[in-house]
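One structure is given here, and the rest of the page talks about it.
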Amino acid sequence: MRKQSESLLMVPLLPIFLVGMFPMLLIGLLGFFGLVIFGVLLVSVGLTLGLEAHGDFNEEIIVHGYARGSERATQVSNLHAATRFAALLEVAGALLIAAGIAGFLYFG
């Protein structure tokens with residue numbers, strides 16, 4: 001029986017590393033200002049997701065007209081899920097902005 005390489009254990013962690021590399025470099029190189037920039041980026045992503053969700057919902061209504069109750073409930077449920085996620089991103093971004101400003105004022 002051949003022993004597997006331990007480096008294969010790192011393969012599932014590679015996407016996490018690649019996604020987390022940008023914020024860590026941004027915060028490490030720019031300090032609290034990097035935290036504020038990352039918060040602004042999160043807020044803009046949240047706003048974009050919310051606008052896209054409403055746009056998709058409106059497009060579905062305009063193109064296909066008034067749907068049956070079950071289809072309409074599915075559309076509304078998808079809209080609410082996307083809006084909740086967008087609001088969560090906006091709150092997280094606002095907290096990062098506040099933490100960056102507080103850190104800059106406290107330590108700067």
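The values are calculated or read from the model by the stated rules, or taken from the named source; none is laboratory data. On a predicted model such as this, the values are computed, not experimentally measured, just so you know. We place every Cβ from the backbone using ideal geometry, glycine too, and count neighbours over all the protein chains shown. When the accessible area is computed, the model is the full protein with side chains, heavy atoms only, and any ligands, DNA or RNA have been set aside. Shrake-Rupley method; radii C 1.70, N 1.55, O 1.52, S 1.80 Å.
Between Val19, Val11, Val63, where does the largest GNM mean-square fluctuation fall for the chain, given springs only between Cα atoms within less than 10 Å? Highest fluctuation of the listed residues: Val11. If the segment from Phe17 to Leu88 were pulled out straight at 0.36 nm per residue, it would be longer than the present Cα-Cα gap by 23.3 nm.
Listed values for the range 76-81 are Karplus-derived 3J(HN,Hα) couplings in whole Hz (6.51 cos²θ - 1.76 cosθ + 1.60, θ = phi - 60°), namely 5, 5, 5, 5, 5, 5, and x replaces Gly and Pro. Heavy atoms of the protein chains alone define the surface here; on that basis the chain has 77 Å² accessible area per residue at 1.4 Å probe size. Of the chymotrypsin sites (Phe, Trp or Tyr not before Pro) found in the range 3-108, those in coil by DSSP whose Cβ has at most 12 other Cβ atoms within 10 Å are Tyr66. Recomputing Cα Rg over 2.2 N^0.38 Å from the coordinates shown identifies the correct label among (1) 1.43; (2) 1.59; (3) 1.12 as (2).
Spin-label model, Glu6/Thr74: points 7 Å from Cα along the beta carbon direction are separated by 4.9 nm. On the range 1-79, 71 percent of the accessible area sits on carbon and sulfur atoms, based on a 1.4 Å probe. Residues in the range 55-65 carry Karplus couplings, in order, of x, 5, 5, 5, 5, 4, 5, 5, 6, 9, x Hz; the curve used is 6.51 cos²θ - 1.76 cosθ + 1.60 with θ = phi - 60°, and Gly or Pro positions show x.
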